[in-house]
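To start, the structure under review is shown below, and the notes come after it.
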Amino acid sequence: MHLDPPLAGLLHALLAGRAVAALATLHDGRPFSSMVPFAVTTTGGRLRLVVHVSGLAAHTRDMRSVPEVCLMVMAPEMDDVPPQALPRVSISGRAMFIPADHPEHAALKAAYLQKFPEAADLFQLGDFSIVAIEPESARFVAGFARAMTLSPESLTSAFQAPPMS
């Protein structure tokens, strides 16, 4: 599905403009969600979500055990918009732990630090890892009764479209 420019701009604004997302994992076989800061990159021609996680966190252990995850990014609440109409995107994908010697580690780290420069010191800690979430599908809700399913290619294309001004 190809998104028209206003919808692509809305999706881009959500992914580029929000700092945190809800990360859903399986924890001991049960659903679990947590909050994670995230960045987005299209290095290599495909969209990936980048998180930097501590080995002490339950969601990190969960992703190592079952790499299938879902990340939800939502627009902030607004007084004049019903909660059901808030724009949001739920991205299902696979979590890939990226070791420091991986060829893409530097680019993923740079994308994360561009958004969160204050996190630089955390990269010195041995228990933190970069995780790239590779989208497999996305459910984009652009408002009330405006929902659509996007392929990874459509998600990448929409994110790379110039934002509407």
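Remark: pairs (first residue in the range 126-142, closer than 12 Å to residue 153 by Cβ; second residue of a type in the set (Gly, Ala, Ser); Cβ separation under 7 Å; 6+ apart in sequence or on different chains) = 135/93; 136/92; 136/93; 137/92; 137/151; 138/90.
Among residues that are surrounded by 20 or more Cβ atoms within 10 Å (Cβ to Cβ) and either within 12 Å of the chain's Cα centre (by Cα) or at pLDDT 90 or above (or both), residue 63 is included. Restricting the range 142-157 to residues that are in contact with a Leu (Cβ under 6 Å, 6 or more places away or on another chain) and within 22 Å of residue 96 (Cβ to Cβ), which is surrounded by the most Cβ atoms within 10 Å (Cβ to Cβ)? This residue is 155.
Taking residues in the range 44-57 that are loosely packed, with under 15 Cβ neighbours inside 10 Å and in a loop (DSSP other than H, G, I, E, B), and partners anywhere that are of a type outside the set (A, V, I, L, M, F, W, C) and modelled with pLDDT under 90, the pairs with Cβ atoms closer than 8 Å and at least 6 places apart or on different chains are 55/127; 56/127. Checking 121, 80 one by one, the residue that is among the acidic types (Asp, Glu), without any contact (Cβ under 8 Å) to a residue 24 or more places away in the chain and assigned to a loop (DSSP other than H, G, I, E, B) is 80 and no other.
Residue 160 satisfies every condition listed in (1) surrounded by 15 or more Cβ atoms within 10 Å (Cβ to Cβ); (2) in contact (Cβ under 8 Å) with a residue 24 or more places away in the chain except (1).
All of (1) part of a strand (DSSP E or B); (2) out of contact with any helix residue (DSSP H, G or I) (no Cβ under 9 Å at 6 or more places or on another chain); (3) surrounded by 16 or more Cβ atoms within 10 Å (Cβ to Cβ) hold for residue 139 with one exception: (3).
The values are calculated or read from the model by the stated rules, or taken from the named source; none is laboratory data. What you see is a predicted model, and the numbers here were worked out from it, not measured in a lab. Using ideal geometry, Cβ is built from the backbone for each residue, glycine included, and neighbour counts are taken over all protein chains shown.
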